[in-house]
Amino acid sequence: MKKIILNIIFWLALISISNAQTLDSLIIKAIDENLEIKILEKEYLAALEKAPQVSQLPDPEIGVGAFPLPVETRLGAQIIRIGATQMLPWKGVLDGKKNLEIAKAKALYEKINASALEVSFQVKQAYFSLYEIEKSQTIISRSLELLEALNQLALAKVESGKATAADVLRVQLKTEELKQELTILEISKSNPTATINQLLNREIQTPVVIRDHLSFAIIPFDKNTLMANIEANHPMLRMFELQQEVAQQAIKLNDLNNKPSFGIGLDYIMVNQRKDAEPAHNGRDILQVRASVKIPIYKKRYEAKEREEHLKIAALTDRKTDLSNRFEAAIEQAYVDHQTAQLRVDLYQQQIVITKAAINILQTNYSTQGNGFDELLRLEKELIEYDLKTLKAIIQSHLAKSKIERFVISK
């Protein structure tokens, strides 16, 4: 029987480990499975398919005509006409259309990278929230053990007549309060869990088991060179540059569209033989070669198109500058949050050391003299709060780091 129980414990532990997921593994899976990223990938592939659609010659035109009232010629009456025409654009127009669509697709591709950064950030936010909830439960559970020890001490003092039952009741009230807080924390897990599962495109109720142990986060980026790296590599900023390239390609194509286009054609006319005469080549059919030129005389639309694209380029420059400024402000705020978190951790660690020392003194006094219980209970409550505040500051350091990583694409 004992062997069976040990096997069950072993397999339960193995299942728990296999279900546990690190933050990095969740991010990788989210980028692979996220629906928004998949949609953007399909839109990018669809955009690439536009290039071969626009780089082909126009379809030739074939026409058939009949003569209800035949046109009489010296060689006979014309009874049917068959013609074919092929338009030929100015040299470079087809390549220009192809380059324009490829440029549009490249700009769209950067949205995939930007979305991957955003999904990664959202996974981190939800994961840190879930981590904070679980570690808060651990801290409170540990505090419940301390309160239980304090409760036993109070009971002993009551039995010895050195304390009243009110001390025991106060401990029990605090114990019930912490148990209620544990229940609330357990319920609150559902929100970050659902967020992670939605980002990973899986069942909302799928459990997420935390494996990581987070210490205070270190930001590995040089603040002075960070913005230069972002300016060069962030997909949204690159997308604006590529959209400007799209506008430049549109201007080139507009110039080419402002050039003449040509057409060549061939007509075949069937002629009936004459019955009233026998001229040379009687009834010979007609073969006609044609050429045409389409001349863009009305220039205003081409001029307006060029102005439109230049205005787009100027607007995109302003958009890029505005987004870069917002990135810089967000990064500056993240560094401030990180520094604030460090100061808080240092303060809380000092307070924890002092509080524990005070608790030890008060426990000794209470054990020997039976006084100071209210102060002892208050310090136990403060110790819990300092532990929770330390945890929150550590989470804040990781959130600050993730806010910076939100703008940094991996090489």
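None of the figures in this text is laboratory data; all of them are computed from the coordinates on show. These numbers were taken from a predicted model, which means no experiment stands behind them. Backbone-built Cβ (ideal geometry, glycine too); neighbour counts: all protein chains shown.
Against the empirical 2.2 N^0.38 Å scaling, what ratio does the C-alpha Rg of segment 83-153 come to?
That works out to 2.82 for segment 83-153.
Order 201-207, 111-117 from most to least packed using the mean count of other Cβ atoms within 10 Å.
Taking the mean over residues of other Cβ atoms within 10 Å, the ranking is 111-117, 201-207.
Taking the Cβ of each residue in 281, 310, 338 as the centre, tally the other Cβ atoms inside 10 Å and list the residues starting with the fewest.
281, 310, 338
What whole number of Å gives the distance from the Cα centroid of segment 319-346 to the Cα centroid of segment 37-51?
Measuring centre to centre over Cα atoms gives 34 Å.
Could you tell me which helices of the chain pass both thresholds, a Cα extent of 18 Å or more along their own axis and a mean Kyte-Doolittle hydropathy of at least 0.5, with helices taken as whole DSSP H runs?
The qualifying helices are 2-19, 35-48.
Evaluate the Debye formula for segment 189-304 with equal point scatterers sitting on the alpha carbons, no solvent, and hand back log10 of I(q)/I(0) at q = 0.24 Å⁻¹, in q order, two decimals.
-1.21
State, to one decimal in nm², a quarter of the convex hull surface area for the C-alpha atoms of segment 326-411, i.e. the direction-averaged projected area.
Result: 6.8 nm².
For segment 277-352, take N as its residue count and report Rg(C-alpha) divided by 2.2 N^0.38 Å.
3.26
Of the cross-linked pairs 29/50; 111/223; 38/252; 124/389; 38/124; 97/403, which ones have a Cα-Cα span greater than 28 Å in the structure shown?
29/50; 38/252; 97/403
Write down the Kirkwood hydrodynamic radius of the chain, to one decimal in angstroms, obtained as one divided by the mean of 1/r over all alpha carbon pairs.
When all Cα pairs of the chain are included, the Kirkwood radius is 29.4 Å.
Where nothing but the Cβ of Lys and Arg (+1) and of Asp and Glu (-1) is charged, how large is the charge dipole of the chain around its Cα centre, in debye to the nearest 20?
With Lys and Arg at +1 and Asp and Glu at -1, about 1140 debye.
Could you go through segment 52-67 in sequence order and give the Karplus-derived ³J(HN,Hα) for each residue, using 6.51 cos²θ - 1.76 cosθ + 1.60 with θ = phi - 60°, rounded to whole Hz, and x for Gly and Pro?
Per-residue couplings from phi come out as x, 6, 9, 9, 9, 5, x, 4, x, 9, 10, x, 10, x, 10, 10 Hz.
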